[in-house]
1. Have a look at PRO62, PRO46, PRO17 and point out the one that is modelled with pLDDT under 90 and on the phi < 0 side of the Ramachandran plot.
2. Which one of the conditions (1) acidic (Asp, Glu); (2) exposed (fewer than 10 other Cβ atoms within 10 Å of the Cβ); (3) at pLDDT below 90 does GLU83 fail to meet, given that it meets all the rest?
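The values are calculated or read from the model by the stated rules, or taken from the named source; none is laboratory data. Bear in mind that the values here come from a model prediction, so they are computed numbers and not experimental data. Positions of Cβ are generated from backbone atoms using ideal geometry, with glycine treated the same way; all protein chains shown enter the neighbour counts.
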Amino acid sequence: MREFKFFKDNDTQLEFPILANGFLTIQPQIRFDDVEYCFQFDDDEPVVFASGTNECNITINPTTHGNITFNDNNNVFKIFARERQ
């Protein structure tokens, strides 16, 4: 599937995925003014880790200390860099 993205104003992003059968679909993406960024384990309650009006960018550096760990009670979710094996 190929996808073309177009922007209209600053609040709506239009995506135009072209499906394998050649059909084009239009799916408007609504941009929120103020958001909470969350992670979620299975069907548990979402856990907020950031909020605001800007984009949230997560960068993992390719080093031995390149990681981010999220904790919620006894659940641990870790994103990390390691040398390709």
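1. Values: PRO62 fails: modelled with pLDDT under 90; PRO46 fails: modelled with pLDDT under 90.
The conditions single out PRO17.
2. For GLU83, the failing item is (3).
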